[in-house]
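I have placed the structure first, in the form of structure tokens, so that the comments after it can refer back to it.
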Amino acid sequence: MSKMPLLNMKNQHNMQDKSKNVWVGKADLAGDTEFVSKESSKFFDLPVAQEIADENSNLLSTDTNRRDFLKLMGFSLGAATIAASCDTPVRHAIPYVTKPDAIVPGVPTYYASTFVRGGDYCPILVKTREGRPIKIEGNKLSNVTKGGTSARAQACVLDLYDSTRYRDPMKMGEKSDWDTVNKEIKAKLRSARSIKLISNTIISPLTKSVIADFIAANSNAEHVMYDAISSAAMLDAHESAFGMRVLPSYKFDEADVILSLDADFLGTWISPVEFAADYAKGRKIKSKDQKELKRLYAVESAMSLTGSNADHRVIVKPSESGAALATIYNRVASKMGGSSTSAGSLTSKQTTKLEKIADDLMATSRGGKNTLVVNGANSLAEQLLTIELNRLLGNFGTTIDTSRPCYLRQGDDKALGKAMTQIENGGVDVVIFMDDANPVYDTPWGAQVAEAMKGDVMKIALTNRPNDTSTLCDYICPIHHLLESWGDAEAYSGELSLIQPVIEPLFNTRSREEILAGWSNKTMADDGDRADFVMLQNAWSAGEGNTRKMWEQSLHDGVTTKASSQSMSMGSVNVSSTSRELQNRSTADAEVKFYETVNIGSGVYASNPWLQEMPDPIYRTVWSNFVTIPLAWDGKRTIEGMNGWETGDIVNVSVNGQTMEVPVVDQFGVGVGAHGMALGYGRQNSGPAASDVGINAYKLLSVSDAGYIQYYAPITFDGATGRKDEEFGIVQYHHTYGIKGNDPETNETINVDERSISAIADGYQGALTDRSVLFYADLKNLKEEAEDLQHFREHADHLNVQTIYEGHEELYNKGHKWEMSVDLNSCTGCGACQVACVAENNVPVVGKKEVSRHHEMTWLRIDRYFFGDMESPNTAYQPMMCQHCDNAPCENVCPVGATQHSSEGLNHMTYNRCIGTRYCANNCPFKVRRFNWLDYTTADLFGSNEHDPFGTDADQPYYADNITRMVLNPDVTVRSRGVIEKCSFCIQKIQYGKLQAKAERRAIKDGDITTACATACPTGAIVFGDINNKETEVAKLENHPLNYYVLEETNVRAAVGYLMKVTNKNEKINELDA
Amino acid sequence: MYSLRSGLVYLFFSLFLLMSNDMIAQDASVAEGKTLFKAKCAQCHNRNMRDKLTGPALGGLEDRWADYEREDLYNWIRNSQALIAAGHPRATQLYAEWDNVLMNANTDLTDENIESILAYVDEQFNKVDDITETPGPNGGTNKAGSNSIFWWMIGGLALLALILAQIMGTLKNVVSAKEGRQTEAQPVGMLDVIGSKSLIGILLFGLVVFLGYKTVNSAIEVGRQQDYAPEQPIKFSHKLHAGEQQIDCQYCHDGARRSKHSVIPAANTCMNCHKAIEKGSEYGTAELTKIFASIGFNPMTDKYIEDYESMPEDSIYAIYSKWIGNNYLEEKGIEDLDDDGEELVEEQWNGIKESLTTDVKTSIQGAIPWVRIHNLPDHVYFSHAQHVTAGEIECQACHGKVEEMEVLAQHSPLSMGWCINCHRQTEVKGFKNGNEYYANTYKKYHDALQDGEMTKVTVDQIGGLECQKCHY
């Protein structure tokens, strides 16, 4: 009798089939023989070897010889001896003079506030230590975001400590003072014939009332709001249908089938934190017998976060989006009684797919369930048709709430265009740019306006950091950062949030409300309180039924809900009027879609190094934008980028008559002729992190006849330049693991994990295929797949019990045992966890060049995998951090015992013991350990090791600046050069939580202790807790039928469980693909 | 002999005193009174019961209230405000005498409680001056013991080597003799021995080993500061405050129970008492004026100075030189400042200036730049709250008998070996005193303790030696 029950062949076969269908890039998919040969022959293409071989590098060209070495050695020994014999320096301990009651040094204090930037909104809690904010967390009391955060909200704390911020009022580029600046501006305002106040969307009732006062005091003033990524047509469409220029609330949690037409609601569209949380509610799998799951269709051109998460994604050219919508609409209208419209034609395959989607929407709607259609196009006709489609499907009142309007987008393209033309023609005397309004950069009128601003107009910037527009202004009135301000926000009618300062203003700044009120000749009682506080309080007490007690409660909670003051009521939509615009189809062979990225947004976040270095979730690129090109597959072996180009190649393109050189990224899911390019890059004069990083795509935008900004354009490729961006940062192929390839000599499949890393520097793609890293299933065969998974796990476990080390189980059953669970179905890949980890753990920014050398330091990466249809694949995002293996391979290779296991199941890393052999990193099966090649955080004694991530010759490297360093978490060591670091499961938070429980003499409750990533996640995909307490959520998830551990068969016993990715395919569309 | 005998007498006498102290302490009501006094009264009333603090000296208060009902005194202590409102003559008089400063209400005190407090007050008031010793565990290790063993072993081994060499030599000779070879019987001179290569070799080897040992040990000592006792900007005496006045450590170092930092008290904490005690017993105005100058308190008007932050140095000088001068005059009983007086004023003013300014802080106003004594490396995460609140460790366990230190010194080496050693030996108290956290988290240990399978759980058993408990 065999002790080892073999897996039956069927299961094994299935497993192999499945893993063959998962891929990260093209090389693994093709099973390319070159893949292996290249990596073995090009060993010396290692990044470091490359660096050494680089002619510009002086590493090998120095005259250092043995004598010099000995001299230096002798000197250092002598210096060390002298240093050691010196007295220890006297250090001071400086107490408070009068200690504030709220502050206990060493204990964090949390304040509720709200992250608002343009139309981005997220109620937050700000963690402060000794009076300085260091971390952002979500506010669970919010009805809107329910405790979730975004990468952008997480990163806002770094903006506060941006040393490029304006520190004083400025006049003509010179430092000035408030009295002078205010006096001169006021004098000019009085005599001005025309004043334009230009801002992004403002959701603050207080700011709006101050602007109203300003306009009342200056009758020639006009306020123009715009969004760099515009929703103007959508607002206008709702105005035409509802009589109010506001958006309704979308309830993604109520919808069973969602159709997104270029609306990236999981990443960037309107309120992604809220929508992602609502969406994920219906995507969770409770049992393997589950029969129902929310379904998501995406019709889009460039791949968005939403598109990558969709069950089916239909690729159309950007100009065909109207035709695609019309196809669906007409199908629905013909069956459900609406009037039809006419539009351009699509290919028959596209049409059939779209009709199947329409059928599914109708069937769902008729079956008593809910659908929702959202559209991101900036076209009035498409938006009107979307409203009508939603009406036909009966979505108003179910998934679209018109009783609670949304104020997150208010920009008006037409008004902006008019104002810009006026400025251009010299008809404006004073123009005021507020907050992040940066029209010189982020509008199609930028160049002309920049030219016109050289003329006689008085330009004033009310902003807190330099941007393309403010650097052209006469007067700079620096305003407080969000975390220094008092304020309010109303994202939805009745949903009020308060903003409170958590630190005294760092610089000589004022609140924008105070400045504007001053210019409106408003006099404020000076009773010692800050002007913005007084204004906010006055506005609050003026509100109906507001009391002091409510104020205090709201300030404590950060949010308060009142009855909605507005309600939209449906008028009618003239469908036939839409056909003219829908038929207006581009005839270009190739088009480029300009999209907003999750991290940089419209470009306002470009000055934030954390967000620049957060890889784009879909393309996994950093510090750059690019043009996406499709991959061509010959159906057998070869997969090649368009024209044979590879990622990082620089090619010539012309768009809207402008020619330029751009790098390309070859990628699955890019349609032929449907290219993409990110907006938000290529800013000028905006600080080292933003300036000249990437290419400004706003210059390529055009304006439609109806006055709406068009986010696509025809593109022609004029051949390669023959050059490559050697520092192109794409992390998809860094730190890959589980790689297999074909040995060209024996034609056998071999593991090439370590060796292939050397090939990556050559632009080659490492890849995962054949090992148990990612499991996926479709809902219809979920039960079978889940059982297969269990068989696989049993098999793996059977191998693992054959151990020579007995008593392993005894090690971790005495106290806590910390584990994590990641639900691959809830994870949308938004990256909030990644930035939260950077903020919590003092992870340094390394810059573009270092990233291109695989030196990025992030403790948590989000691996992206493709599976399914080759043209338009499904995507799985897998957050990958230290797996805290109980049989950790890193631990037993460390020669100095710097990494060891704890009785709580944690893999401990001790920096001060580490000597930097990197054996552990080599031996890590998951490639999650990071080595400090350089002194990123400038903790070193020797300046030459210090590293500036922006590659500038600044006197002070980025982190050496004392203002920047204020963002560091004092509870986490700043690592020096030459040591390994990695995810610690936020040990500082674990220890703090345990101490709290001990001090209060109570047991730890589930949820008391979480990691930064779990707290940041808007969809609750990451769960952390003590698995020895069987009541915790993580302990329950351990027994979830879809739970598995990555590389379980290797017996490393990881502590991070993943729930299998499940799609909900429409069989009728699957048949079409087959 | 005489000295020995007197020593013995002294020893017995001290023992007797110690025992009698114990006997007094066993009086339950006084003990209760002490606890209550510490909790309720010690913030404002001096423990020696003779000097005033924020509130009056309590010694002899029963006599002062003798004219009234005992009940009135109870009410006064429980809720003085009510008594004042009722117009009680003694109450109103006291209230006026103390600038209308109210006393906290203590409505939860029973008559018995108050009686025990009064008993404690009485006992303290009538006590002869002696400083009660607060027992603290001795953190030191027996260095001499381990060292002597080391030397004994070396000596023993050397002796053994010598004997073996002797035996070897003899045997060699015997063998040579047997084989009939001529023995090298020339007598070896002393000089030959000293000059022989092998001896020089052995000595050199020994020297290298010794120097290496010394080097390694001193390298380990680099950055360690045991017994470090720097001069502080203010001659603050822990002996006086923690010893004689028995102020609780955590009254000033209030972070210790809830934060990683024990917290150097802010100047306003000092002012809680020193608003009333404006002159020191030892240094008069010399040291206390530094606190006033730091926070901006004018001891002549008993008020904080307005806009002190922006006050020029001349004006600050004017205030405090006058205060120092006045005190000098009062002490001497003279009208005008003599040369000594002027010198004293200048000297004390210079002391203030020197103490409150550093290279980076040039103004007198603001925080007092205390010299940090306990300097843990940055890569060590140490939490006071963990040890004080969760671990219930006495402060003295690490800091030594602070209450006996005139100038504070670092008691422990603060080396990793020392930490680890303590973690190995120290019992986790939470298991036995009903801390739910331990009972709930470490059920196995808890059960084993209940069943008597274990007698105690030490810190290392719950992971106290693991790297990232302290390094993260």
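What the table below lists for this structure:
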| quantity | calculated |
| --- | --- |
| Failed criterion for B:Ile264 (all others in (1) out of contact with any strand residue (DSSP E or B) (no Cβ under 6 Å at 6 or more places or on another chain); (2) within 14 Å of chain A (Cβ to nearest Cβ); (3) on the phi < 0 side of the Ramachandran plot; (4) open to solvent by 20 Å² or more (accessible area, probe 1.4 Å) hold) | (1) |
| Among (1) β-branched (Val, Ile, Thr); (2) open to solvent by less than 40 Å² (accessible area, probe 1.4 Å); (3) out of contact with any strand residue (DSSP E or B) (no Cβ under 6 Å at 6 or more places or on another chain) - the single one A:Thr180 does not satisfy | (2) |
| Close pairs (7 angstrom Cβ cut-off, 6 or more residues apart or separate chains): more than 11 Å from every other protein chain (Cβ to nearest Cβ) and more than 15 Å from A:His816 (Cβ to Cβ) in segment B:441-466, in a helix (DSSP H, G or I) and modelled with pLDDT of 90 or more anywhere | B:Leu449/B:Phe431; B:Met454/B:Tyr445; B:Met454/B:Ala448; B:Thr458/B:Arg424; B:Thr458/B:Gln425; B:Val459/B:His423 |
| Test for A:Arg66: is it surrounded by 15 or more Cβ atoms within 10 Å (Cβ to Cβ), over 30 Å from A:Arg409 (Cβ atoms), more than 14 Å from every other protein chain (Cβ to nearest Cβ) and modelled with pLDDT under 95 | no |
| Single match in A:Thr109, A:Thr145 (criterion: modelled with pLDDT under 95, touching a helix residue (DSSP H, G or I) at 6+ places or on another chain (Cβ under 7 Å) and not aliphatic (A, V, I, L, M)) | A:Thr145 |
| Unmet requirement for B:Phe431, which otherwise passes all of (1) out of contact with any Leu (no Cβ under 7 Å at 6 or more places or on another chain); (2) within 12 Å of chain A (Cβ to nearest Cβ) | (1) |
| Residue among A:Ala153, A:Ala228 that is out of contact with any helix residue (DSSP H, G or I) (no Cβ under 6 Å at 6 or more places or on another chain) and either assigned to a helix (DSSP H, G or I) or closer than 30 Å to A:Glu613 by Cβ (or both) | A:Ala153 |
| All positions within segment B:350-366 that are open to solvent by less than 80 Å² (accessible area, probe 1.4 Å) and outside any helix (DSSP H, G or I) | B:Thr357, B:Thr358, B:Lys361, B:Ser363, B:Ile364, B:Gln365, B:Gly366 |
| Out of B:Glu335, B:Glu346, sole residue that is open to solvent by 70 Å² or more (accessible area, probe 1.4 Å), more than 14 Å from chain A (Cβ to nearest Cβ) and either under 23 Å from B:Trp370 (Cβ atoms) or not in a loop (DSSP other than H, G, I, E, B) (or both) | B:Glu346 |
| When residues of segment A:91-127 are limited to those that are at the interface with chain B (Cβ under 7 Å from one of its Cβ atoms) and over 22 Å from B:Asn272 (Cβ atoms), the one surrounded by the fewest Cβ atoms within 10 Å (Cβ to Cβ) | A:Arg91 |
| Conditions (1) in contact with a helix residue (DSSP H, G or I) (Cβ under 8 Å, 6 or more places away or on another chain); (2) outside any helix (DSSP H, G or I); (3) more than 10 Å from chain A (Cβ to nearest Cβ); number of the one not met by B:Cys422 | (2) |
| Flag if B:Ala390 is open to solvent by less than 70 Å² (accessible area, probe 1.4 Å) and within 14 Å of chain A (Cβ to nearest Cβ) | yes |
| Qualifying residues in segment B:236-261 (those that are away from chain A (no Cβ under 14 Å) and in a helix (DSSP H, G or I)) - the one farthest from the chain's Cα centre (by Cα) | B:Glu244 |
| Output for segment A:211-235, where each listed residue is closer than 18 Å to A:Asp262 by Cα and among the acidic types (Asp, Glu) | A:Asp227 |
| Residue within segment A:1040-1048 that is in contact with an Asp or Glu (Cβ under 8 Å, 6 or more places away or on another chain) and of a type outside the set (Ser, Thr, Tyr) present | yes |
| Strands (runs of 3 or more DSSP E) fully within segment A:835-906 counting 3 or more residues that are more than 14 Å from chain B (Cβ to nearest Cβ) and open to solvent by less than 10 Å² (accessible area, probe 1.4 Å) | A:861-867, A:874-880 |
| Search result, residues across segment A:271-328 that are within 20 Å of A:Pro617 (Cα to Cα) and part of a loop (DSSP other than H, G, I, E, B) | A:Ser271, A:Arg283, A:Ser301, A:Ala302, A:Met303, A:Ser304, A:Ala310, A:Asp311 |
| When residues of segment A:907-931 are limited to those that are part of a strand (DSSP E or B) and within 14 Å of another protein chain (Cβ to nearest Cβ), the one farthest from A:Glu810 (Cα to Cα) | A:Met909 |
| Leading residue by the ranking (nearest to the other protein chains (Cβ to nearest Cβ)) among those in segment B:208-235 that are in a loop (DSSP other than H, G, I, E, B) and open to solvent by 70 Å² or more (accessible area, probe 1.4 Å) | B:Val222 |
| Some residue of segment A:566-579 being in contact (Cβ under 8 Å) with a residue 12 or more places away in the chain, farther than 29 Å from A:Asp236 by Cβ, open to solvent by 40 Å² or more (accessible area, probe 1.4 Å) and part of a loop (DSSP other than H, G, I, E, B) | no |
| So A:Thr659, is it hydroxyl-bearing (Ser, Thr, Tyr), open to solvent by 20 Å² or more (accessible area, probe 1.4 Å), in a loop (DSSP other than H, G, I, E, B) and touching a residue at least 12 places away in the same chain (Cβ under 8 Å) | no |
| Test result for A:Ser301, touching a Pro at 6+ places or on another chain (Cβ under 6 Å), of a type in the set (Ser, Thr, Tyr) and closer than 22 Å to A:Leu582 by Cβ | yes |
| Test: residue in segment A:598-610 that is out of contact with any Leu (no Cβ under 7 Å at 6 or more places or on another chain), closer than 22 Å to A:Phe265 by Cα and open to solvent by 10 Å² or more (accessible area, probe 1.4 Å) | yes |
| Any hit, segment B:279-289, residues being at pLDDT 90 or above and of a type in the set (Asp, Glu) | yes |
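Each row is one residue, and each column tells you yes or no for (1) closer than 16 Å to B:Ser116 by Cα; (2) more than 36 Å from the chain's Cα centre (by Cα); (3) in a loop (DSSP other than H, G, I, E, B).
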| residue | (1), (2), (3) |
| --- | --- |
| B:Ala57 | no, no, yes |
| B:Ala66 | no, yes, yes |
| B:Leu73 | yes, yes, no |
| B:Gln81 | no, yes, no |
| B:Leu94 | no, yes, no |
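Listed here are the residues, each with its yes/no results for (1) within 14 Å of chain B (Cβ to nearest Cβ); (2) buried (at least 18 other Cβ atoms within 10 Å of the Cβ); (3) farther than 26 Å from A:Ala151 by Cβ.
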residue: A:Tyr958; (1), (2), (3): no, yes, no
residue: A:Arg965; (1), (2), (3): yes, no, no
residue: A:Arg977; (1), (2), (3): no, yes, yes
residue: A:Phe985; (1), (2), (3): yes, yes, no
residue: A:Gln988; (1), (2), (3): yes, yes, no
residue: A:Ala1012; (1), (2), (3): yes, yes, no
residue: A:Ala1016; (1), (2), (3): no, yes, no
residue: A:Ala1021; (1), (2), (3): no, yes, no
residue: A:Asp1026; (1), (2), (3): yes, yes, yes
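The values are calculated or read from the model by the stated rules, or taken from the named source; none is laboratory data. Keep in mind it's a predicted model, so treat the numbers as computed, not measured. Quick reminder, even Gly has a Cβ in these numbers, built from the backbone with ideal geometry, and neighbours come from all protein chains shown. Areas reflect the complete protein model, heavy atoms only, side chains present, ligands, DNA and RNA absent. Shrake-Rupley method; radii C 1.70, N 1.55, O 1.52, S 1.80 Å.
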